[in-house]
Amino acid sequence: MNKKLMIRRAIVQTLYTYYCPQNLNTILCADKIIMLEADSAQLLAEWNQLKEAGYLIDVPGYPDYCRLSDALRAKFEAGKTLNDDPFFYGPGAIR
């Protein structure tokens, strides 16, 4: 499995577990992130890709902090998965 895809999924799944926005340094301590054994450059690159794609939203006044987009949070809260999203499982994930 492509490590890039695993990192993207782990970031959004971990961020979903927090009620408040978090920064990348905070979620680096999560089990899903630690288990990937990814270097910080890979994690930062995918964090930025998620922001550029609109899955993570910057918090005004706190440039290092992000929250999940409303649509992505609603998807998780409805019990849906990322399986149908090409950014996480399809051609869009390869970029």
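Looking at A41, A74, can you tell me which residue is over 12 Å from the mean Cα position of the chain (by Cα), surrounded by 10 or more Cβ atoms within 10 Å (Cβ to Cβ) and of a type in the set (G, A, S)?
Of A41, A74, the one residue that is over 12 Å from the mean Cα position of the chain (by Cα), surrounded by 10 or more Cβ atoms within 10 Å (Cβ to Cβ) and of a type in the set (G, A, S) is A74.
Mind counting the residues in region 1-60 that are touching a Pro at 6+ places or on another chain (Cβ under 7 Å) and over 21 Å from R73 (Cα atoms)?
Residues flagged as touching a Pro at 6+ places or on another chain (Cβ under 7 Å) and over 21 Å from R73 (Cα atoms) within region 1-60 amount to 0.
Consider D85 carefully, then state whether it is at pLDDT below 95, touching a strand residue (DSSP E or B) at 6+ places or on another chain (Cβ under 6 Å) and not hydroxyl-bearing (S, T, Y).
no
Within region 21-38, how many residues turn out to be closer than 14 Å to L5 by Cα, open to solvent by 50 Å² or more (accessible area, probe 1.4 Å) and part of a helix (DSSP H, G or I)?
1
Kindly evaluate F88 against the criterion of being assigned to a helix (DSSP H, G or I), open to solvent by less than 60 Å² (accessible area, probe 1.4 Å) and in contact with a Lys or Arg (Cβ under 8 Å, 6 or more places away or on another chain).
Yes.
Listed residues I57, I11; which is at pLDDT 95 or above, assigned to a helix (DSSP H, G or I) and surrounded by 14 or more Cβ atoms within 10 Å (Cβ to Cβ)?
Exactly one of I57, I11 is at pLDDT 95 or above, assigned to a helix (DSSP H, G or I) and surrounded by 14 or more Cβ atoms within 10 Å (Cβ to Cβ), namely I11.
The values are calculated or read from the model by the stated rules, or taken from the named source; none is laboratory data. Not measured: the values here are computed from a predicted model. All Cβ positions, glycine included, derive from the backbone under ideal geometry; neighbour counts span all protein chains shown. These area figures cover heavy atoms from the full protein model, side chains too; ligands, DNA and RNA do not enter into them. Shrake-Rupley method; radii C 1.70, N 1.55, O 1.52, S 1.80 Å.
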